[in-house]
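The values are calculated or read from the model by the stated rules, or taken from the named source; none is laboratory data. Given the structure is predicted, the values throughout are model-derived calculations rather than measurements. Cβ: placed from backbone, ideal geometry, glycine included. Neighbour counts: every protein chain shown. Accessible surface areas use protein heavy atoms only, side chains included; no ligands, DNA or RNA. Shrake-Rupley method; radii C 1.70, N 1.55, O 1.52, S 1.80 Å.
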Amino acid sequence: MRVAHEPAGSASMLEDLLQQDGLKVETIPEKKGILFLKHVEYRLASQHFTLPVTRRFSDFAAFHALLLQRFIYRMVPPLPPKRVLKGVWNHKSERHFIESRRRGLQRFMSLVMRHPILSGDELVKVFMTASSAEVQVKMQESFKRMGDEYITCPLSTIVNRFMPDDIQAQTETNREFICSMLSSFHKLRDVTERMSQRSRENSTDLIMFGKDLRALGKKAQPPQVASAAPSWQNHRQSIHGLSEEFRILADMAALQGEKEEDEVVERLSLFLDLLQSYKDLCDRHGSGVLLEHQRVQQRRPDSLIELLEQPESRLTQQENAILAMELRSYFSLFCLHQETQLVFTHLPLTTNILGAFIQSQIQGHKEMGEFWNELLPKLNTIFEGNPRISASPPRSPCRRIIFP
């Protein structure tokens with residue numbers, strides 16, 4: 001595994017990992033099944049496998065469960081949650097749920113395909129090639145043949161030779177650092193989600209503003225208005241025409257929200273899933289090692305008399321169990337060390353995410369600002385001679401910032 005030999009954060013290694021992620025998860029528009037038993041299917045297409053396959057969420061769940069059994073000492077990405085029936089379930093909320101789940105499945109598969117160990121396993125090959133009717137059975141058969149990674153790894157009994165002397169201290173320090181990053185990036189993702197939502201809300205408000213302008217331009221005027229304000233008729237028609245400008249602005253705001261969702265929020269969510277899978281691995285490592293120690297202690301004889309009364313074969317079995325527990329503990333620690341290096345290799349992506357966030361804000365505000373500036377002269381044309389409307393935009397009180 002290259003993680004053990006290349007320095008953490010190696011640019012060449014990160015590029016290699018990202019090239020492994022050539023998989024797309026798409027929702028098949030038409031549901032399958034009958035009546036109330038209809039379900040959504042997903043189409044998986046990968047540059048590493050010849051033909052695309054279709055999978056149900058239950059197939060992903062079975063795949064995820066088997067990955068956890070086979071690679072209990074590795075980072076297994078989280079699946080999106082199952083449907084929770086709360087509140088009123090309508091077409092709009094269902095569509096939002098299906099898209100949210102699709103995004104979660106895309107992140108799950110991306111992280112699996114990027115993982116140097118998981119991506120090359122037979123389970124992944126079966127999941128990406130077996131027919132829809134046989135995929136779960138084929139995966140079960142594959143796992144029964146192989147067992148977990150400790151059994152099939154040729155280095156499992158000698159990994160203690162490759163670990164640094166202060167591995168325990170390093171592990172605890174790295175765990176605290178990555179868990180603190182998880183908390184911080186959760187907050188960043190929540191902020192960017194709210195910003196994306198505000199862009200969509202801004203789009204809705206601009207649509208309503210345009211509709212109100214259109215309604216204002218269509219209102220019939222009393223005869224007194226024609227004599228008191230003879231130019232209102234022309235103004236009313238022009239105001240009606242401005243409603244189309246606000247529809248364009250609404251589309252721009254909606255597009256800004258989509259860009260923020262795709263280019264920033266989704267990238268942050270992918271990085272968060274990576275960090276969450278590391279935290280889950282640390283939890284499994286701590287509880288798993290402790291549980292194995294407890295089980296071995298329970299098998300040990302309590303006294304010298306009990307020790308002498310036990311047959312030699314049973315003593316040998318207990319000694320073998322203790323040795324296997326120690327070897328598995330070393331292997332678990334070794335894998336955790338490798339997975340830590342894998343997380344560190346992905347850290348440069350945070351710079352890319354922040355850069356995408358800044359660029360999306362610059363581009364979005366620039367385009368909308370230009371359109372608003374083009375709208376101001378049109379208002380001057382409508383209300384020609386009105387001294388309250390200035391053709392030049394107001395100056396910003398903030399000092400201008402020049403981006404390199």
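So in the stretch 46-58, with the set limited to residues that are within 20 Å of the chain's Cα centre (by Cα) and open to solvent by 10 Å² or more (accessible area, probe 1.4 Å), which one is nearest to Glu122 (Cα to Cα)?
Ser46
Quick one: Pro77 ticks every box in (1) part of a loop (DSSP other than H, G, I, E, B); (2) surrounded by 14 or more Cβ atoms within 10 Å (Cβ to Cβ); (3) modelled with pLDDT under 95 except a single one, so which number is it?
All conditions are met except number (3).
To keep it simple, each residue is scored yes or no on (1) of a type in the set (Ser, Thr, Tyr); (2) open to solvent by 30 Å² or more (accessible area, probe 1.4 Å).
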{"site": "Ser329", "(1), (2)": "yes, no"}
{"site": "Phe334", "(1), (2)": "no, no"}
{"site": "His337", "(1), (2)": "no, yes"}
{"site": "Thr340", "(1), (2)": "yes, no"}
{"site": "Leu354", "(1), (2)": "no, yes"}
{"site": "Gly364", "(1), (2)": "no, no"}
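What number of residues within the stretch 80-119 are exposed (fewer than 13 other Cβ atoms within 10 Å of the Cβ) and either more than 20 Å from Val40 (Cβ to Cβ) or at pLDDT below 90 (or both)?
Here the count works out to 16.
Which of the following residues is under 23 Å from Leu67 (Cβ atoms) and not assigned by the TED database to the domain that holds Met75: Val137, Val159?
Val159
Out of all the residues in the stretch 191-244, which are modelled with pLDDT of 75 or more and hydroxyl-bearing (Ser, Thr, Tyr)?
Scanning the stretch 191-244 gives Thr192, Ser196, Ser199, Ser203, Thr204, Ser243.
In the set Arg295, Arg300, Arg314, which member is closer than 20 Å to Gln69 by Cα, of a type in the set (Lys, Arg) and modelled with pLDDT under 90? Step through it out loud before you land on a result.
Details: Arg300 fails: closer than 20 Å to Gln69 by Cα; Arg314 fails: closer than 20 Å to Gln69 by Cα.
Result: Arg295 is the single residue among Arg295, Arg300, Arg314 that is closer than 20 Å to Gln69 by Cα, of a type in the set (Lys, Arg) and modelled with pLDDT under 90.
Please go through the stretch 172-199 and give me each residue that is open to solvent by 40 Å² or more (accessible area, probe 1.4 Å) and within 17 Å of Gln341 (Cα to Cα), ordered by number.
Glu172, Thr173, Arg175, Glu176, Phe177, Ser180 - these are the residues of the stretch 172-199 that are open to solvent by 40 Å² or more (accessible area, probe 1.4 Å) and within 17 Å of Gln341 (Cα to Cα).
Please verify whether Phe127 is farther than 28 Å from Ser332 by Cα and open to solvent by less than 50 Å² (accessible area, probe 1.4 Å), treating the condition exactly as stated.
Details: farther than 28 Å from Ser332 by Cα: no; open to solvent by less than 50 Å² (accessible area, probe 1.4 Å): yes.
No; evaluated as a whole, the condition is false for this residue.
Just the residues that are open to solvent by 30 Å² or more (accessible area, probe 1.4 Å) and within 19 Å of Arg74 (Cβ to Cβ), please, taken from the stretch 154-171.
First pass over the stretch 154-171, keeping only residues open to solvent by 30 Å² or more (accessible area, probe 1.4 Å): 154-155, 157-158, 160-162, 164-166, 168-170.
Those that are open to solvent by 30 Å² or more (accessible area, probe 1.4 Å) and within 19 Å of Arg74 (Cβ to Cβ): Pro154, Leu155, Thr157, Ile158, Asn160, Phe162, Gln170.
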